[in-house]
Amino acid sequence: MTIASRARKIVALTALTAVAGSAALAGSASAATIGSPEVAGPGAPIPINFAAFKEPASNKLPKNYRIVRKHVELARGEKASTVMTAPKGFAIVTIGFGDGHQVGGVVDDVHYPGKRSVRVRLFTNNSVVKQGGTGQGTLYILAKRA
């Protein structure tokens, strides 16, 4: 190997490392913020209309039910996931999202009703969140005593 070819390889490797390093720094500027779970018990107001659940006329959570919520913040284009877990002795009825429409999600295991936890993949709604902006939302699960 000649000195010139070795120098070209070193320069190419250095340039490649610099480009990869700057791309990694640019991509990691923001990170998803997922709050800690908060549990609401009987008598608490029901914050959203849950699918597959007929809310009582008083709009208060009946006994033997719990609502678990997490506040979520994601940068536009960012994807994250979180596990929503019902309190011990409870099973999930359904999941729901707050009314902001900035953050959405999907579950891989669609047979989550009756289980204690479910993984939710989160993403931002790019038609609502502006370029460079952050989407905010709330993720809920409704659980019933098992």
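Filter the cross-link list K60/K115; K60/K130; K88/K130 down to pairs whose alpha-carbon distance in this structure exceeds 32 Å.
K60/K130; K88/K130
For S58 and D108, what does the FRET efficiency come to when R0 = 30 Å and r is the distance between their Cβ atoms, rounded to the nearest 0.05?
0.25
Counting only residues 5 or more places away or on other chains, whose amide H sits under 5 Å from the amide H of A44 once H atoms are built in the peptide plane?
Here the answer is L61, since their amide H atoms fall under 5 Å of that of A44.
Report, ordered by chain and residue number, the lysines lying within cross-link reach of K54, taken as a straight Cα distance under 17 Å and ignoring same-chain residues fewer than 8 apart.
Reachable lysines: K63, K144.
Considering the range 28-132, what Rg and Dmax in Å follow from its alpha-carbon atoms?
14.8, 47
Mind checking the full-extension length gain between K88 and Q131? Use 0.36 nm per residue of separation minus the Cα-Cα distance, one decimal, nm.
The K88-Q131 span can extend by a further 11.4 nm.
Rounded to the nearest 20 debye, what is the charge dipole size of the range 44-146 about its Cα centre when +1 sits on each Lys and Arg Cβ and -1 on each Asp and Glu Cβ?
440
Only the coordinates and a few stated rules stand behind these numbers; no lab work does. Worth saying up front: this structure is predicted, and the values here are computed from it rather than measured. Cβ: placed from backbone, ideal geometry, glycine included. Neighbour counts: every protein chain shown.
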